[in-house]
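Peer 1: Have a look at this one.
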Amino acid sequence: QVQLVESGGGLVQAGGSLRLSCTASGRTPSTYAMGWYRQAPGKEREFVAAISWSGGTYYADSVKGRFTISRDNVKNTVYLQMNSLKPEDTAVYYCAIVFRRGVPTSPSEYDFWGQGTQVTVSS
(Lines give C-alpha, C1' and ligand atoms only; values in the text may rest on other atoms or scores of the structure.)
Protein backbone atom coordinates (compact mmCIF):
# COMPACT_ATOMS: atom_id res chain seq x y z
CA GLN A 1 0.00 0.00 0.00
CA VAL A 2 1.17 3.52 -0.83
CA GLN A 3 -0.14 6.71 0.73
CA LEU A 4 -0.06 10.03 -1.10
CA VAL A 5 -0.45 13.27 0.81
CA GLU A 6 -0.93 16.54 -1.05
CA SER A 7 -0.33 19.98 0.40
CA GLY A 8 0.05 23.57 -0.72
CA GLY A 9 -3.44 24.37 -1.89
CA GLY A 10 -5.26 27.53 -0.90
CA LEU A 11 -6.88 30.75 -2.01
CA VAL A 12 -4.97 33.05 -4.35
CA GLN A 13 -5.82 35.99 -6.56
CA ALA A 14 -5.69 35.72 -10.33
CA GLY A 15 -2.15 36.10 -11.54
CA GLY A 16 -0.72 34.66 -8.36
CA SER A 17 1.23 31.48 -7.71
CA LEU A 18 0.99 28.35 -5.63
CA ARG A 19 3.21 25.30 -5.26
CA LEU A 20 1.59 21.96 -4.59
CA SER A 21 3.50 19.06 -3.09
CA CYS A 22 2.66 15.36 -3.00
CA THR A 23 4.69 12.95 -0.89
CA ALA A 24 4.49 9.19 -1.22
CA SER A 25 4.96 6.93 1.78
CA GLY A 26 4.51 3.28 2.59
CA ARG A 27 5.55 0.61 0.07
CA THR A 28 6.92 3.08 -2.45
CA PRO A 29 8.30 1.24 -5.47
CA SER A 30 11.85 1.67 -6.69
CA THR A 31 10.66 3.25 -9.94
CA TYR A 32 7.44 5.11 -10.57
CA ALA A 33 5.82 7.92 -12.49
CA MET A 34 3.52 10.51 -10.97
CA GLY A 35 0.83 12.82 -12.21
CA TRP A 36 -1.50 15.65 -11.25
CA TYR A 37 -5.17 15.79 -12.12
CA ARG A 38 -7.84 18.27 -11.14
CA GLN A 39 -11.60 18.29 -10.82
CA ALA A 40 -13.77 21.38 -10.76
CA PRO A 41 -17.37 21.32 -9.45
CA GLY A 42 -19.68 19.73 -11.98
CA LYS A 43 -16.83 18.68 -14.25
CA GLU A 44 -14.92 15.49 -14.88
CA ARG A 45 -11.43 14.92 -13.57
CA GLU A 46 -8.91 16.22 -16.07
CA PHE A 47 -5.21 15.73 -16.65
CA VAL A 48 -2.91 18.56 -15.61
CA ALA A 49 0.69 17.30 -15.73
CA ALA A 50 2.79 14.17 -15.32
CA ILE A 51 6.42 13.23 -14.90
CA SER A 52 8.14 9.98 -15.72
CA TRP A 53 10.78 8.25 -13.60
CA SER A 54 13.53 9.72 -15.78
CA GLY A 55 12.09 13.23 -15.53
CA GLY A 56 10.17 13.51 -18.77
CA THR A 57 7.31 15.97 -18.36
CA TYR A 58 3.90 16.26 -19.96
CA TYR A 59 1.31 19.02 -19.65
CA ALA A 60 -2.25 19.77 -20.58
CA ASP A 61 -2.46 22.54 -23.17
CA SER A 62 -4.43 24.67 -20.72
CA VAL A 63 -1.51 24.87 -18.28
CA LYS A 64 1.49 24.67 -20.60
CA GLY A 65 3.85 27.56 -19.99
CA ARG A 66 2.27 28.36 -16.61
CA PHE A 67 2.67 25.15 -14.59
CA THR A 68 5.85 23.17 -13.95
CA ILE A 69 5.98 19.64 -12.59
CA SER A 70 9.12 18.35 -10.92
CA ARG A 71 10.15 15.55 -8.60
CA ASP A 72 12.60 14.72 -5.83
CA ASN A 73 13.21 10.98 -5.88
CA VAL A 74 15.07 11.05 -2.56
CA LYS A 75 12.06 12.58 -0.83
CA ASN A 76 9.52 10.61 -2.92
CA THR A 77 7.85 13.92 -3.63
CA VAL A 78 6.40 15.52 -6.73
CA TYR A 79 5.75 19.24 -7.02
CA LEU A 80 3.46 21.36 -9.16
CA GLN A 81 4.52 24.99 -9.43
CA MET A 82 1.54 26.97 -10.65
CA ASN A 83 2.11 30.50 -11.92
CA SER A 84 -0.16 33.05 -13.59
CA LEU A 85 -3.17 31.36 -12.05
CA LYS A 86 -6.58 31.95 -13.55
CA PRO A 87 -10.06 31.56 -12.04
CA GLU A 88 -10.60 28.58 -14.35
CA ASP A 89 -7.76 26.79 -12.54
CA THR A 90 -10.01 26.54 -9.49
CA ALA A 91 -10.43 22.86 -8.65
CA VAL A 92 -9.46 20.08 -6.30
CA TYR A 93 -6.01 18.90 -7.35
CA TYR A 94 -5.11 15.23 -6.99
CA CYS A 95 -1.76 13.54 -7.33
CA ALA A 96 -1.38 9.94 -8.42
CA ILE A 97 1.37 7.35 -8.68
CA VAL A 98 1.92 4.44 -11.04
CA PHE A 99 4.45 1.66 -10.51
CA ARG A 100 6.29 1.97 -13.77
CA ARG A 101 8.77 4.32 -15.43
CA GLY A 102 6.52 5.74 -18.12
CA VAL A 103 3.60 8.10 -17.81
CA PRO A 104 0.10 6.65 -18.22
CA THR A 105 -2.26 7.90 -20.89
CA SER A 106 -5.36 7.33 -18.76
CA PRO A 107 -6.16 8.08 -15.11
CA SER A 108 -7.38 4.50 -14.70
CA GLU A 109 -3.79 3.29 -15.12
CA TYR A 110 -2.60 4.95 -11.93
CA ASP A 111 -2.22 2.70 -8.90
CA PHE A 112 -2.90 5.09 -6.03
CA TRP A 113 -4.39 8.55 -5.57
CA GLY A 114 -4.11 11.24 -2.94
CA GLN A 115 -7.05 12.79 -1.14
CA GLY A 116 -6.83 16.07 -3.04
CA THR A 117 -6.09 19.66 -2.15
CA GLN A 118 -8.33 22.62 -2.95
CA VAL A 119 -7.04 25.43 -5.13
CA THR A 120 -9.24 28.50 -5.44
CA VAL A 121 -8.33 31.41 -7.70
CA SER A 122 -10.33 34.59 -7.23
CA SER A 123 -10.85 37.11 -10.01
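Peer 1: In Å², what does the accessible area per residue of the stretch 2-111 work out to with a 1.4 Å probe? Please report the intermediate quantities before stating the final value.
Peer 2: On the way: 5420 Å² over 110 residues.
Computed with neighbouring chains in place, this is 49 Å² per residue.
Peer 1: Please sort by residue number the chymotrypsin sites (Phe, Trp or Tyr not before Pro) in the stretch 20-79 whose DSSP state is loop and whose Cβ has at most 15 other Cβ atoms within 10 Å. Present the calculation step by step, with values, prior to reporting the outcome.
Peer 2: Values: sites: Y32, W36, Y37, F47, W53, Y58, Y59, F67, Y79; in loops: Y32, W53.
Hits after loop and neighbour filter: nothing returned.
Peer 1: If you don't mind, there's one more thing I want to ask. Over the Cα atoms of the chain, what Rg and Dmax result, in angstrom?
Peer 2: Values for the chain (Cα only, Rg and Dmax): 13.4, 42 Å.
Peer 1: Sticking with this one: At a threshold of 8 angstrom on Cα-Cα distance, excluding pairs fewer than six apart, so keeping six or more, what relative contact order does the stretch 8-123 reach in percent? Numbers along the way, then the final one.
Peer 2: Working: 259 pairs, mean separation 41.8, N = 116.
The normalised contact order for the stretch 8-123 reaches 36 percent.
Peer 1: So if I place +1 on the C-beta of Lys and Arg and -1 on the C-beta of Asp and Glu, and nothing else carries charge, what would the dipole magnitude of the chain be about its Cα centre? I want it in debye, nearest 20.
Peer 2: Numbers: 12 positive and 9 negative charges, 47 e Å.
In debye, rounded to 20, the chain gives about 220.
Peer 1: Going through the stretch 26-123, which trypsin sites (Lys or Arg not before Pro) have at most 12 other Cβ atoms within 10 Å and a DSSP loop state? List each step's numbers first, then the result.
Peer 2: Details: sites: R27, R38, K43, R45, K64, R66, R71, K75, R100, R101; in loops: R27, K43, R45, K64, R66, K75, R100, R101.
Qualifying residues, ordered by number: R27, K43, K64, K75, R101.
Peer 1: Still on this model: Pop out the carbon and sulfur fraction of the accessible area of the chain as a percent, whole number, probe 1.4 Å.
Peer 2: On the way: 2920 of 6160 Å².
That share works out to 47 percent.
Peer 1: Can you tell me, using C-alpha contacts under 8 Å and at least 6 residues apart, the relative contact order of the stretch 72-123 as a whole percent? It would help to have the intermediate numbers written out before the result.
Peer 2: Numbers: 53 pairs, mean separation 22.7, N = 52.
About 44 percent, as a whole number.
Peer 1: Starting from the stretch 1-102, pick out the GluC sites (Glu not before Pro) whose DSSP state is loop and whose Cβ has at most 11 other Cβ atoms within 10 Å. Please report the intermediate quantities before stating the final value.
Peer 2: Details: sites: E6, E44, E46, E88; in loops: E44.
The qualifying sites are E44.
The values are calculated or read from the model by the stated rules, or taken from the named source; none is laboratory data. Just so you know, these numbers come straight off a predicted model, no measurement behind them. Positions of Cβ are generated from backbone atoms using ideal geometry, with glycine treated the same way; all protein chains shown enter the neighbour counts. Side chains are part of the model used for accessible areas, which takes the heavy atoms of the whole protein and leaves out ligands, DNA and RNA. Shrake-Rupley method; radii C 1.70, N 1.55, O 1.52, S 1.80 Å.
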